[in-house]
Amino acid sequence: MFGTLGSLIRFLVGFTWMAFCSTALIIVALLLLPFRIARIKVCNFYGKVVGRSISFFAGVTPNVPERDAISRAMPAIYVMNHTSTLDMFLGVWLCPYGGCGVFKKEIVRVPFFGWLAALSGHLLIDRNNKDRAVELLRDTAVFVKKHRLGIWIFPEGTRSRDGRLLPFKKGFVHLAIATGFPVVPVIVHGAHKNWEKGTFRFVPMTVDVDVLPPIDTSTWKEETTQEHVDQVHAQFVKHLRDDQKPAPAAELASLGDAAPVAR
């Protein structure tokens, strides 16, 4: 474990590096404003550099045995569980070139990183405006299908506070149906343990990431949306370690919400 001072130094160095890279890319993104696909791919490059760097500064060594499977599956809908700030940087690092990220609109409040996100060509969703969010997802599906791009999304819609898997929103299923792209589960183990709650200490660790085989969505239908949500959620439950599986009470509650479809 890094001490408080060591962790603070790592945080400051990491933030300074992110700010420098973000500023440089903001200038590039402004020059590329008329060219959305170019902005998306340039920011994919940013993710390769900054995402891996931030993981390093946090003391994390990612272990992704099937990383090549991500690019082989393109174009696809990539779904990843979300338990920590680190996940966002792992996500932008792993996201393939041509992968369009889905961020909550509030990210623009994050200095440098959020400002770049606003210019990146990736999708920003306002969770407080459901109709507008659905419209944006629909437009994004048309855009990525036309240009053979991918989509990287956190299907829980928010960060888990204890590392345990939350119920999935339905947006990724609608995207898969609209595009016909396969769904690729990307499962992150233990990232929530890297930054201790209530402290300013990073815990050096290896974070394992499983990339599961693509799930064919060619027969998915809107009428059976919840079944498909449950199918993908079940894959995460199956492969996650016990301390990240949904708590029994939460699992029962989600079963009740989804009835009569079982997880």
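The values are calculated or read from the model by the stated rules, or taken from the named source; none is laboratory data. Keep in mind the model is a prediction, meaning the values are calculated, not measured. Cβ sites come from the backbone with ideal geometry, for glycine too, and all protein chains shown count toward neighbours.
Scan region 65-88 and tell me whether some residue there is modelled with pLDDT under 95 and in contact with a Ser or Thr (Cβ under 6 Å, 6 or more places away or on another chain). So far as region 65-88 goes, yes, one or more of its residues are modelled with pLDDT under 95 and in contact with a Ser or Thr (Cβ under 6 Å, 6 or more places away or on another chain).
Across region 9-43, the number of residues qualifying as among the charged types (D, E, K, R), more than 21 Å from the chain's Cα centre (by Cα) and closer than 24 Å to residue 149 by Cβ comes to 0. The test for being within 27 Å of residue 240 (Cα to Cα) and under 16 Å from the mean Cα position of the chain (by Cα) does not hold for residue 46. For region 39-51, the condition of being outside any strand (DSSP E or B), modelled with pLDDT under 95 and either surrounded by fewer than 23 Cβ atoms within 10 Å (Cβ to Cβ) or not hydroxyl-bearing (Ser, Thr, Tyr) (or both) holds for none of the residues. Taking the criterion of being in a helix (DSSP H, G or I) and free of Cβ contacts under 8 Å to residues at least 12 places away in the same chain, the residues of region 216-242 that qualify are 223, 224, 238, 242.
Report every pair of residues separated by at least 6 positions or lying on different chains whose Cβ atoms are under 9 Å apart, first residue within region 196-215 and surrounded by fewer than 17 Cβ atoms within 10 Å (Cβ to Cβ) and aliphatic (A, V, I, L, M), second part of a strand (DSSP E or B) and modelled with pLDDT under 85. Partner pairs satisfying both residue conditions: 203/195. Among residues of region 98-125 being surrounded by fewer than 20 Cβ atoms within 10 Å (Cβ to Cβ) and touching a strand residue (DSSP E or B) at 6+ places or on another chain (Cβ under 8 Å), the one that is farthest from residue 73 (Cα to Cα) is 108. Yes or no: region 62-71 includes at least one residue that is among the β-branched types (Val, Ile, Thr), in contact (Cβ under 8 Å) with a residue 40 or more places away in the chain and not in a helix (DSSP H, G or I). Looking through region 62-71, at least one residue is among the β-branched types (Val, Ile, Thr), in contact (Cβ under 8 Å) with a residue 40 or more places away in the chain and not in a helix (DSSP H, G or I).
For region 72-103, a residue qualifies if it is more than 20 Å from residue 11 (Cα to Cα) and either without any contact (Cβ under 8 Å) to a residue 40 or more places away in the chain or more than 15 Å from the chain's Cα centre (by Cα) (or both), and the qualifying residues are 72, 73, 74, 75, 103.
In region 109-125, the residues that are more than 16 Å from residue 36 (Cα to Cα) and aliphatic (A, V, I, L, M) reach residues that are in a helix (DSSP H, G or I) and at pLDDT below 95 with C-beta atoms within less than 7 angstrom, at least six apart or across chains, in these pairs: 125/105; 125/133; 125/136.
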